[in-house]
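Asks: Below are the structure tokens for one structure; questions will follow.
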Amino acid sequence: MELVALYKRVIGLDVHQARITACALIEETDGTMRIEQRQFGAFRRDRRALAEWAAALRPDEVVMENTGIYWKSPYAALEAAGIRAKVVNARHVKNVPGRKTDVGDAQ
């Protein structure tokens, strides 16, 4: 059985109090995958930079963990840029084997 990607351009965010780790998986027109990883701070200018970076990639889907209250500000910045992110239960992400770093969580 062959798996077919539902989304060609996705961004995952691992959100903490002082840092946001972002990973974008982009399928190019020739079928190759490009991975872009970035880290952003938690200040307003950093969240705005995150939203601008994400908007420039034109993602099909953006997903972040619901880590306490820290997801709210990045979510608002993305929403202001016209991006509707999905907030998921962090426990579900943490149970995925082999993903024990911020970059791994974002991926």
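Taken together, the values in this text are just the output of simple stated rules run on the coordinates, not laboratory data. Predicted model, so just to flag it, every value in this text is computed and none were measured. Heads up, the Cβs are rebuilt from the backbone with ideal geometry, glycines too, and the neighbour counts pull from every protein chain shown.
Asks: Taking the number of other C-beta atoms within 10 Å as the exposure measure, put 34, 9 in order starting with the fewest.
Replies: In increasing order of surrounding Cβ atoms, one gets 34, 9.
Asks: Okay, moving on. What length, rounded to one decimal in nm, is gained on full extension from residue 52 through to residue 6, with 0.36 nm per residue of separation minus their alpha-carbon distance?
Replies: Details: separation 46, 0.36 × 46 = 16.56 nm, distance 2.39 nm.
Length difference between fully extended and current span is 14.2 nm.
Asks: Using the Karplus curve 6.51 cos²θ - 1.76 cosθ + 1.60 with θ = phi - 60°, work out ³J(HN,Hα) for each residue of the range 69-86 in order, rounded to whole Hz, and write x for Gly and Pro.
Replies: Karplus values, whole Hz, x for Gly and Pro: 9, 5, 6, 5, 5, x, 4, 5, 5, 5, 4, 5, 8, x, 10, 9, 7, 9.
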